[in-house]
1. If you take all C-alpha pairs in region B:150-249, what percent of them are over 15 Å apart?
2. For chain A, what does the relative contact order come out to in percent, with C-alpha contacts under 8 Å and a separation of six or more?
3. Tell me, rounded to the nearest percent, the portion of alpha carbon pairs in the protein assembly as shown spaced more than 32 Å apart.
4. Per residue and in cubic angstrom, what volume does the convex hull of the Cα atoms of chain B have?
5. How big is D, in µm² s⁻¹, for region A:161-231 by Stokes-Einstein at 37 °C and 0.692 mPa s if Rh is the Kirkwood radius over C-alpha pairs?
6. So if each residue of separation counts as 0.36 nm, and I subtract the Cα-Cα distance between B:R178 and B:S163, what length gain in nm does that give?
7. Kindly provide the helix-only [θ] at 222 nm of the protein assembly as shown, computed as the sum of -39,500 (n - 2.57) over DSSP H runs of four or more divided by all residues, to the nearest 500 deg cm²/dmol?
8. What full-extension length gain, to one decimal in nm, is calculated for B:Y267 and B:H120 as 0.36 nm per residue of separation minus the Cα-Cα distance?
Amino acid sequence: MKINKLYLFLIVVALVAPSLVYPVFLMKLLCFALFACAFNLLLGFVGLLSFGHAAFLGTGGYITGYLMLETGITPELGILAGTVGAGLLGAIYGKLAVKREGIYFAMVTLALAQLAFFFYLQAPFSGGEDGLQGVRRGALFGLIDLSDNFAMYYFVLAIFIFGFWLIHRTVHSPFGQILKAIRENEPRAVSLGYNVNDYKWVAFIISSALAGLAGSTKTLVFQLASLTDVHWHMSGEVVLMTLLGGMGTIFGPLVGAGVVVSIQNLLSGGELGNYINIVMGVIFIICVLAFRSGLVGEFQKLMKKNFN
Amino acid sequence: MATIFGINLFALSGQLLVGLINGSFYALLSLGLAIIFGLLKIINFAQGAMYMLGAFFAWMALNYMGINYWWALILVPIAIGLLAILMERFLVRPIANEDHLYSLLLTFGIALVLQGAFTHIYGSSGLPYQIPDELKGGTKLPFMYLPNYRAWIIVSSLVVCFSTWWVIEKTKLGAYLRAGTENPQLMQGFGINVPLITTLTFGFGVALAGFAGVLAAPVYSVSPDMGSNILIVVFAIVVIGGMGSIGGAILTGLMMGVVEGLTKFFYPEASTTVIFLFMVIVLLVKPAGLFGKEA
């Protein structure tokens, strides 16, 4: 029951947070946290390192942005379309990527994401270098005006909780158990009669659709869909968030996203803006060399050692 | 103007030349990746950053120390190789027994630091590097004009690639290397210093990227993000070729450069994406890659 209290506490914090902290920052944090959680479903629970998750974040963002700009649909439908679009792209990319393993999987996903990047750079509807600007947030279900940051915040929070719950359910379902079995010992999972590639594929689709959901939401928050979201840098960032927070843990990506987004916010304002890449790179190196379990993983180890 | 079937031969051969030049760089970089992968089983994400570093070192050597192109062509790869040896010894080796994905992430971090540092110091616009006097000008062929420096890129990278291939396939040192790829424990049992060979191999594989960087300095502008753009293409090439063979890495690199050049001529809109599309086709038809050995 301890864990339920923790969830309750977090929800209360999330509900009062916008009156204490700038809501746009919180929304950014929630979007990236959802993105990182979606990514972690693949890396942490199936052991697949995708280096191209920006493609799904960006696809969700571009579809939602385009629909909100060009048609009169309501935001929840725009987000749904972005999520489905990213999931479909994930179905195609995933089918190709699961043919290879390990390091090759990372390279294939990176190359496929670069394909998406050049597509959005050249496609006539995506605004090229400028991206899609001035995307309207619209009114939720045609009733609640989202141009108010507080209303938008609670909408984003609801989306995040839904995504987080879905990942939680997936991980703790029989399906999730099989994913973990594949991560731990793939040949054994094969010998037990599981079609490993199909399981990986479905996990890839869920992960990419949720990454798309994060991207769609992010587009509404910032009223912008741009090439930054499909750039390989973004793919690297989500890897860093998950690694730093702790891969394979439920809360790790959340913590990692919080730390990374906060660092970016701190650095981007002042003269230190140029140092962002260097700082990110150094964190990468330190994480890999010194604490591969991440912040949450190390914390759990510490708790186990001292309080068990 | 020379035309056949309505195709402008002058323009076509021009694009083919550009393709061959890009292919030379692809071949050098993927060869380096393949050599390192063979022994260490890791992918060096910093290979692109090292290529960028090679170009910058050549520029710095010329502008700060007055070292000319020809000396840079020899000294810069050595410097990059030494740097890589330090990197292998102090960063890569400590995690050699962990999952190989960690070394990919480690080298990615190194690439970010290098790229970030050079962007910070030199800005993201490129720096110019003069073609050496000996290679200025060009030769007029029947249906194209061949600039001497471009011919030099193709010739010198082919020489380096094929001598590397020859050393690995035909000499005793190469035999050690191939044996190490098959079974490092057994080779160590025969009294061969495997950690030393591993370090030197890493150094040499990365030095190839440094060499490519010096070659590239006069044709592309020397800029911090020159490495990351080419590296992702090289990754796709590695997937296309498969890392089973050294010769395969070289051939695939050259071939993809030519494919890219042809696409630039016939359908320029797809020239940035054609290699990735080619990778998709290879994944569908022969997932292990054209020269891949594994199932």
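Taken together, the values in this text are just the output of simple stated rules run on the coordinates, not laboratory data. None of these values were measured; they are calculated from a predicted model. Here Cβ is always computed from backbone atoms with ideal geometry, including for glycine, and neighbour counts include all displayed protein chains.
1. Cα-Cα pairs of region B:150-249 separated by over 15 Å account for 71 percent.
2. With pairs under 8 Å counted, the relative contact order is 32 percent.
3. Summing the P(r) of the protein assembly as shown above 32 Å gives 49 percent of all pairs.
4. Enclosed volume per residue, from the Cα hull, is 148 Å³.
5. 235
6. 3.8 nm
7. About -24000 deg cm²/dmol.
8. Roughly 49.2 nm would be gained on extension.
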